[in-house]
Structures are given as structure tokens and as C-alpha cells.
Ligand SMILES: [Zn+2]
């Protein structure tokens with residue numbers, strides 16, 4: 001450039017080319033499309049409140065003088081949470097969960113938040129991460145270190161035998177799942193917490209609205225996502241373009257061009273439960289523009305324009321997800337009057353569902369060859385997990401937690417634990433099932449705590465073991481198969497998540513054993529995705545006929561038919577247990593929910609093939625206005641199609657309604 005300007009003379013050229021350009025560069029301030037700073041919302045007194053809430057709860061359970069394991073864990077966690085400025089996140093989660101509980105819906109915790117005892121004491125999770133222990137909530141006796149308790153190291157408190165309080169004779173409470181705090185906030189307790197919660201799907205919108213109450217109207221936004229162009233679609237665009245222009249291109253060239261389009265923004269959407277929080281006093285536009293998802297101007301939803309990943313270092317994102325388990329539990333509580341929180345996690349009959357059919361009093365011949373009672377128990381009813389149950393024969397709650405860990409990992413069961421158990425290297429109780437197992441096991445084996453944490457992190461991310469890790473493990477006498485198992489793992493579930501899932505599943509399983517009609521009503525209303533009145537509700541024989549038909553065509557079933565087959569198995573189980581459906585009564589049936597009437601189940605209107613949720617609502621509304629005069633009248637008032645009305649008539653659900661009003665008038669004359 002100096003060469004270009006040399007006509008100005010040496011000095012002037014330097015000034016123009018070097019001095020002035022630098023001067024301009026220095027005058028420009030650095031800007032970034034996203035702000036660099038962190039702006040968490042502020043809730044006054046979070047630190048103090050969190051401490052207070054936790055101690056109040058701890059004292060209510062363990063008495064005025066807290067046992068050492070309780071006070072030391074609580075202090076250690078509170079210091080690191082408050083010291084790192086995370087108290088506000090706990091308080092937000094606490095407010096959301098308490099509100100949901102108050103409104104009658106349990107909340108399930110996801111991810112590793114159940115590893116935090118502060119999360120337990122503040123009511124965010126039901127999982128108690130202390131080691132197995134007994135406590136008396138009457139006289140505050142506790143037992144954390146007797147020989148009996150110690151023999152349950154690594155297991156759950158509810159696995160231990162019942163015991164009476166040696167001081168006052170009251171039945172002792174059993175709790176604890178032994179989960180290290182490190183899995184949640186890292187070894188130094190400074191990892192940003194990610195609190196994900198499973199609200200009832202029915203309640204999710206209320207929880208979203210409640211964030212506006214906590215943070216103020218207009219301070220919360222749905223987390224926006226960006227959908228990008230996938231390879232196949234990109235190729236389709238390119239192909240179509242040349243076809244329309246009648247230009248001939250070789251496939252290789254079209255592939256080359258489409259590579260240039262892959263990853264380009266195609267549309268925008270929203271995270272299923274992500275809420276981004278703007279602190280009071282800040283302007284959202286200093287972080288991101290806002291918009292409506294997919295530019296749909298008719299929706300009320302406002303999302304961040306930037307993908308939330310690009311701004312989640314600035315603004316807090318809450319995961320308020322919807323899940324079926326809390327909805328199931330609410331319906332079961334409503335139907336039975338049982339408080340699901342009082343269900344014990346050591347009920348023998350419930351545990352037996354995971355190894356045979358004895359609690360259901362049926363045989364495998366009754367159930368199309370299925371030999372377990374866990375069909376329709378969340379996460380335990382799939383073919384994959386049921387095979388796992390047969391291979392591992394769980395006996396206790398903590399065994400189920402281990403199986404849940406195995407089934408949610410990648411390369412943790414197949415080609416790994418399954419093999420080592422079959423080889424006799426380990427049993428279910430000693431196999432690696434969750435991330436936390438690795439850290440706990442290694443510390444017990446004598447590996448230094450910091451290194452044990454690093455090994456856990458490396459293995460759970462699928463990075464295997466480094467040289468120095470193997471050396472330390474060998475020195476501590478860790479067996480070779482264990483190291484081989486570590487190396488094969490690609491992804492692992494946290495134990496806290498497994499424990500939270502199993503608690504929900506166990507409660508639902510309890511109702512399956514003791515309140516069968518309520519259970520089937522709830523399952524068919526909420527969980528069954530392809531329930532079909534015509535195929536399933538006309539008696540066991542008809543059902544068996546259809547099952548045989550579906551199985552004959554098993555290779556050509558559509559995805560929906562495969563779902564139907566799954567639902568049919570549960571209906572078969574219900575028939576085998578001696579329960580029956582009653583025909584739908586168009587005047588008293590509900591749109592979406594099954595009802596228990598006179599010891600039988602009345603299916604919902606939406607189980608009729610072709611009758612969608614909206615049409616089912618229409619029938620309920622129309623039925624409120626009195627008797628239908630004819631099929632024609634039924635069709636018009638309910639706004640259902642002729643096909644559906646004809647099917648209902650065929651199924652005998654329209655009774656003896658005449659075809660049209662006119663005919664009824666004729667009859668009358
Ligand atoms: Zn006592």
C-alpha cells in the first residue's frame with residue numbers, strides 16, 4: 001500500500017497508510033452481536049431465604065440438633081451455592097415447584113439436580129442424596145452409621161428392613177440414595193447449575209404463566225430455536241431448481257452445490273419448555289431481537305430471535321417441561337383418594353411386577369407370552385428394558401434405579417454391563433450403571449477424590465480413560481473388566497435422574513397392583529397413544545382376534561399400528577385380571593378421560609376411530625343440551641362427520657336413534 005501512495009512522498013504516505021488507518025481503528029469501539037456480560041435475574045434476599053428454607057425443612061425432619069452428615073452436607077452445599085451466586089436459581093425453582101404442589105401436581109426432577117441436598121431440602125426434588133439412613137420424625141433419633149446401615153452403602157434407604165425407633169417405638173423413616181453433590185455442581189461446586197423440571201403436561205402452561213408472576217409481566221420469553229437445512233432437503237432444492245430451469249447437471253455437481261446450503265436457517269421455532277428471563281431494568285433488545293415462532297403472526301407466543309444457545313451465557317434459561325407421569329399421578333390420586341407421596345418404595349407386591357406376574361394373579365398364557373407385570377409402567381414396559389429385567393432380576397428399589405441408569409445410557413448395557421454380568425465379572429449391584437457409580441466406587445477403592453471425579457467426567461462423556469487414570473486405578477486394585485467397561489461407555493445417566501424417574505414409576509406401579517381400574521383408566525386416558533374402541537373394547541375374544549391379526553402382519557405394521565398393538569397388550573392384561581369395559585354412553589362419556597362406573601371402565605369418546613379431541617369436546621357440549629332426536633340431529637349438533645356417526649351407529653353407540661328427524665315425525669303421526 002505504501003508503494004501505491006508513494007506519489008505523496010515518504011512521510012505523507014506513512015501517515016495515510018499506517019498512522020491514520022490505525023487512528024480510525026482505535027476510534028471504533030468493539031461491538032459484539034450478543035452482550036458479553038452475565039445478567040441473571042435478581043430476587044431479593046435469595047441467599048438468606050434459601051438458607052432459611054433448607055434449615056427449616058432439615059429441622060422438621062431431623063430435629064433441633066442436626067445429625068453430623070446432615071449439617072455438614074447442608075453447610076458445604078449452601079456455602080458453595082451462595083458463594084458462587086447460584087442461590088437465585090434455587091429460589092426460582094423452589095417457587096415454581098411449591099406453586100405446582102400447592103395446585104395439586106407433583107413435579108419430577110430431571111438431570112442431576114437430585115444430587116443436591118439443598119435441592120431436596122428446598123423441595124425442588126424428592127430425591128434425598130444422603131447415604132441410606134433411618135430417622136424418627138417424632139423424637140428425632142437417627143442412624144447413619146450402624147453396621148446395618150453401613151451394609152447398605154451405595155443402595156437406597158428404602159431397601160433396608162423396617163425398624164422401630166429404639167427411643168420412642170415409632171416406626172422409623174427410611175431415606176437416602178447416596179449421590180455425590182459433585183455430579184451436580186462439579187468438583188469445586190462452581191459449575192453453573194442447570195435445573196430442569198418435569199411438570200405435568202396439563203400444568204406446564206400454568207408454570208410458564210407463573211414465571212411472569214415471579215419476574216413481572218413482559219420479563220419472560222420463550223427460548224427461540226433455529227431450524228436449519230438438512231442435507232436431503234438441500235439436495236431436493238438444488239435438484240428442483242435445475243429441473244425447473246431445464247438445466248442438466250451431474251449428480252456430483254448437484255451434491256457439491258447442495259453442500260453450500262446445508263446448515264442455512266430454514267425456519268424458527270421454540271424450545272419445548274425453555275423460558276428465558278430478562279432481569280428488571282434491562283432491555284431485551286440489548287440481548288436479542290424478539291419474534292413470533294416461524295413468523296406466525298397469529299400466535300401470542302414471543303420467542304428470542306437468536307437461538308437460545310447463543311445468549312444463554314447472558315440470560316438465565318429455565319427448563320419447564322411437560323411430562324405425563326405427574327399427570328398420571330394426579331389422575332390416580334383423584335380417582336382413589338390416595339396421596340401418592342405416602343406410597344412406600346419397598347412394597348413387595350409392587351417389586352414383584354418387575355420379575356413375574358404373581359401380583360397380577362395371571363399367567364403368561366393370559367398375556368400373550370409376556371412373563372412380567374411391568375407393561376405400562378413408565379420406562380419399564382418396553383421390550384428393551386423388559387429383557388434387561390429378565391437378565392438382572394431386580395429385587396429392590398435401588399436395583400430399579402440401576403436398571404434405569406443402564407437403560408438410559410449409550411453402550412452401558414449392550415456390549416457392556418450385559419456382557420460382564422453374563423461373564424460373571426459383576427452383578428447388577430456392582431456393574432457400572434450411572435455416572436455417580438464410578439466416582440463412588442473409585443473413592444471407596446482408594447482413588448484420590450479429585451481424580452475419581454475426573455475419571456467419572458471423562459467416562460460419562462464417552463472419552464474413556466487416559467494413561468494416568470488407568471495407572472491410578474490399577475494401583476488402587478480396580479479390576480481390569482471395570483476399566484474395560486469404562487472405556488466402552490459413550491454416555492451415562494446421572495443417578496439422581498434415574499432415582500427421580502423410578503420414584504414416579506414405582507408410584508404408578510403401586511396403583512397398577514392395588515387400584516387396577518384407576519390405573520387402567522389413567523393409563524388409557526393419558527399414556528395410550530393409539531387406543532381404539534372398536535378393536536379393544538368389545539370383549540376379550542374380539543381383542544385376541546385383532547392381536548392375532550396384527551401379529552400375522554407384524555412386518556408390515558405402520559408406526560400407528562405398532563402403537564395400537566402396544567396398547568392392546570395392556571388391554572389384554574386388564575381383561576385377564578377380570579376387568580371389563582362398558583359401552584360408551586354418549587350422554588355421560590367424557591371427551592378424553594376414561595371413567596370408572598359400577599366396577600367397569602367407560603372409555604372416552606376420543607377412543608372412537610376418527611373422532612378427534614375437538615370433535616369429542618363437541619359431543620360433550622352438544623349432549624348437555626338434551627337428548628338427540630335422530631342421527632341427523634346428532635351429526636349436526638356435535639359437528640361430527642358422517643363416517644364417524646355411521647361407525648358409532650354400527651358400534652351400537654347411538655342406540656335406536658332414527659336416521660333423521662323427519663322420519664321420527666312420520667313415526668309420530
Ligand atoms: Zn423416635
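The values are calculated or read from the model by the stated rules, or taken from the named source; none is laboratory data. Because the structure is a prediction, the values reported are computed rather than measured. Quick reminder, even Gly has a Cβ in these numbers, built from the backbone with ideal geometry, and neighbours come from all protein chains shown.
The listed residues are 373, 405, and the only one of them that is at pLDDT 95 or above, part of a loop (DSSP other than H, G, I, E, B) and closer than 30 Å to residue 174 by Cα turns out to be 373. Scanning region 163-175 for residues that are away from the ligand (no atom under 14 Å from the Cβ) and assigned to a loop (DSSP other than H, G, I, E, B) turns up nothing. Name every residue in region 119-159 that is within 16 Å of the ligand (Cβ to nearest atom) and assigned to a loop (DSSP other than H, G, I, E, B), in order of residue number. Passing the criteria: 136, 137, 138, 139, 140, 141, 144, 146.
Of all residues in region 557-579, which are under 19 Å from residue 514 (Cα atoms) and surrounded by 14 or more Cβ atoms within 10 Å (Cβ to Cβ)? 570, 571, 572, 573, 574, 575, 576, 577, 579, listed by residue number.
Can residue 455 be described as surrounded by 17 or more Cβ atoms within 10 Å (Cβ to Cβ) and at pLDDT below 95? First the steps, then the outcome.
On the way: surrounded by 17 or more Cβ atoms within 10 Å (Cβ to Cβ): yes; at pLDDT below 95: no.
It is false that residue 455 is surrounded by 17 or more Cβ atoms within 10 Å (Cβ to Cβ) and at pLDDT below 95.
Return yes when residue 526 is in the same structural domain as residue 590 (by TED's automatic domain parsing) and either surrounded by fewer than 22 Cβ atoms within 10 Å (Cβ to Cβ) or within 30 Å of residue 346 (Cβ to Cβ) (or both) and no when it is not. Considered against the rule, which asks whether it is in the same structural domain as residue 590 (by TED's automatic domain parsing) and either surrounded by fewer than 22 Cβ atoms within 10 Å (Cβ to Cβ) or within 30 Å of residue 346 (Cβ to Cβ) (or both), residue 526 comes out as yes. Quick check on residue 206: is it away from the ligand (no atom under 16 Å from the Cβ), within 25 Å of the chain's Cα centre (by Cα) and part of a loop (DSSP other than H, G, I, E, B)? Judged against the criteria, residue 206 is not a match. Exactly one residue among 199, 221, 215, 181 is assigned by TED's automatic domain parsing to the domain that holds residue 124, buried (at least 20 other Cβ atoms within 10 Å of the Cβ) and more than 16 Å from the ligand (Cβ to nearest atom), and that residue is 181.
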